[in-house]
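The values are calculated or read from the model by the stated rules, or taken from the named source; none is laboratory data. None of these values were measured; they are calculated from a predicted model. Quick reminder, even Gly has a Cβ in these numbers, built from the backbone with ideal geometry, and neighbours come from all protein chains shown.
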Amino acid sequence: MAEPQFTVDAVLSDARDAVGLADFGDTQFLGPLERWLQAQRDEARMSNEGRVVAFRQASQHLQTRLLIEDHFARYPEIAEERIEAPVFVVGLYRSGTTKLHRLLCSDTRWRYLQTWQVMYPAPFDDILAGAPDRRRDLTQQRLDRLARSSQGALDAHPMSVDDAEEDWLLMAQTFLVPNIGQHTPRYSRWLEQQDATPMYRYLHRQLQILQWQERVNGDEARRFCLKAPIHLEFIDALLSVFPDARVIFTHRDPVKSIASNCLMMEAYQRKYVDDIDLIELGREVLHKSVVGLDNSLRAREAFARESFFEVTFADVVERPLEVMPDVYRFVGMDLDDHAMESLRRGDDDGERHKSSARHQYDPARYGLDDDVIYERTRGYLDWVNVTVGVDLRE
């Protein structure tokens, strides 16, 4: 492809040309898009290949918006879909959110997002008229590119087309959430000052179209079980849009979570840059972790305690089935023998398919020190010690 131009007109035109549509709907995203494009020009320090990857991602986000708006216009009943009492699994990156989420999703009573759905929430064609659905094939192509460009990323976070996956990519369509793997701190600081409510309204809109697609295919209505570590920073906005949501927080020693996240972000950055500044990476991962933890503590003070449930990394890894009765009581669902057997099989399957890579968590590689991390997260550690009754420091 030609040298990508990181301008609003260029990326909008590319998206329109790709899908043959013109209506993006609510244009609130244009301001954040301009700031994101500015970050690509001024901050990201991308390689030539990285520039192509970033431009393609922006165009894909906008293509999704076009397709979603087209479907809402043609099928106005989508707007009537009710997203009732969703459950969100939230915590620092690398704190057990994926394992817990995928274990819950082994219970077929939950509706969850598969990788192909978060990459392509709206069909490219009118599948109701019998057009073939290409989204699984396109998702596999993207996963293959990720495996080639970011060695280690799929070891840290294994993905396949039909796996339960987090909803970060759905939120990325708004350009109100940082692109993981890019070093754009000024853009991230700007994002921290923005109202995240539009991001969650658009997430709600995408959940509506995903639920509608399954309903017209004969699937019964089920509660969503969702997951993304990025929610940690925005619990107040999440609950303003999903007031009946239930939030399950995972807790792990922040030194381990942050060092492991640095390792994963290092792998993801290889998509964009030739040379990675590991010290800058460590500084940014620590900052975003502290912001997320502090924001989540403030949200706990502002909302009813019954909206939240706390579980430790040790519980998730060492005794996940033992905590399931408490989790199900919290979300208000029965845990009968059939459901428990599904969870047991899901736990066994997760053990068989978990990454075989041995990760070395070394914060010093990223210019970080255990004592500094503990000092920056002292308020969070004290809260967990008092409220959950656990000292997370290993």
## Note on the structure
Within the range 94-104, the residues that are buried (at least 24 other Cβ atoms within 10 Å of the Cβ) and not in a helix (DSSP H, G or I) are R94, S95
### Task
Please specify each residue of the range 39-50 satisfying the condition of being assigned to a helix (DSSP H, G or I) and surrounded by fewer than 16 Cβ atoms within 10 Å (Cβ to Cβ).
R41, D42, N48, E49
### Message
Let me confirm something: among A79, A22, A54, A85, which residue is touching a helix residue (DSSP H, G or I) at 6+ places or on another chain (Cβ under 7 Å), touching a residue at least 60 places away in the same chain (Cβ under 8 Å) and surrounded by fewer than 21 Cβ atoms within 10 Å (Cβ to Cβ)?
### Response
A79
### Task
Answer yes or no as to whether Q5 is in a helix (DSSP H, G or I) and polar (S, T, N, Q).
no
### Task
Looking only at the range 185-193, decide whether some residue is within 21 Å of L138 (Cβ to Cβ) and crowded, with 16+ Cβ neighbours inside 10 Å.
no
### Query
Among the numbered criteria (1) within 20 Å of the chain's Cα centre (by Cα); (2) within 22 Å of L104 (Cα to Cα), which single criterion is violated by D294?
(2)
### Task
Within the range 209-236, count every residue that is small (G, A, S) and under 15 Å from V87 (Cα atoms).
2
### Message
Can you pull out every residue in the range 70-119 that is acidic (D, E) and either over 22 Å from Y328 (Cα atoms) or in contact with a His (Cβ under 8 Å, 6 or more places away or on another chain) (or both)?
### Response
D70, E77, E80, E81
### Message
Tell me which helices (runs of 4 or more DSSP H) are completely within the range 303-394 and hold 3 or more residues being under 24 Å from G282 (Cβ atoms), or say none if there are none.
### Response
370-376, 378-387
### Summary
Per the filter on the range 21-38, residues at pLDDT 95 or above and among the small types (G, A, S) are A22, G31
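One line per residue, one yes/no per condition, for (1) assigned to a loop (DSSP other than H, G, I, E, B); (2) of a type outside the set (A, V, I, L, M, F, W, C); (3) at pLDDT 95 or above:
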residue	(1), (2), (3)
V52	no, no, no
R56	no, yes, no
A73	no, no, yes
E77	no, yes, yes
A85	yes, no, yes
F88	no, no, yes
L92	yes, no, yes
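Within the range 116-146, can you find the residues that are of a type in the set (D, E, K, R), surrounded by fewer than 17 Cβ atoms within 10 Å (Cβ to Cβ) and either part of a helix (DSSP H, G or I) or in contact with a strand residue (DSSP E or B) (Cβ under 9 Å, 6 or more places away or on another chain) (or both)? Reasoning before the result, please.
Going through the range 116-146, the residues of a type in the set (D, E, K, R) turn out to be 125-126, 133-137, 142, 144-145.
Next, from what is left, pick out any that are surrounded by fewer than 17 Cβ atoms within 10 Å (Cβ to Cβ): 125-126, 133-134, 136-137, 144-145.
Scanning the range 116-146 gives R136, D137, D144, R145.
Hey, which of the helices (runs of 4 or more DSSP H) in the range 167-283, taking only ones fully inside, have at least 3 residues that are without any contact (Cβ under 8 Å) to a residue 60 or more places away in the chain, within 18 Å of the chain's Cα centre (by Cα) and closer than 26 Å to F330 by Cα? Before the answer, list the steps.
Values: elements: 168-172, 185-192, 197-216, 235-241, 254-269.
Per the criteria, 197-216.
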### Query
Based on what the data block shows, is L67 of a type outside the set (D, E), crowded, with 18+ Cβ neighbours inside 10 Å and more than 22 Å from E214 (Cβ to Cβ)?
no
### Task
Among the residues of the range 377-394, write down those that are within 15 Å of N295 (Cα to Cα) and crowded, with 19+ Cβ neighbours inside 10 Å.
T377, Y380, L381, V384
### Query
In this structure, does R45 turn out to be under 26 Å from M264 (Cα atoms) and more than 19 Å from the chain's Cα centre (by Cα)?
yes
### Task
Sort out which residues of the range 361-376 are loosely packed, with under 15 Cβ neighbours inside 10 Å and either β-branched (V, I, T) or within 24 Å of the chain's Cα centre (by Cα) (or both), and write them in order of number.
V372
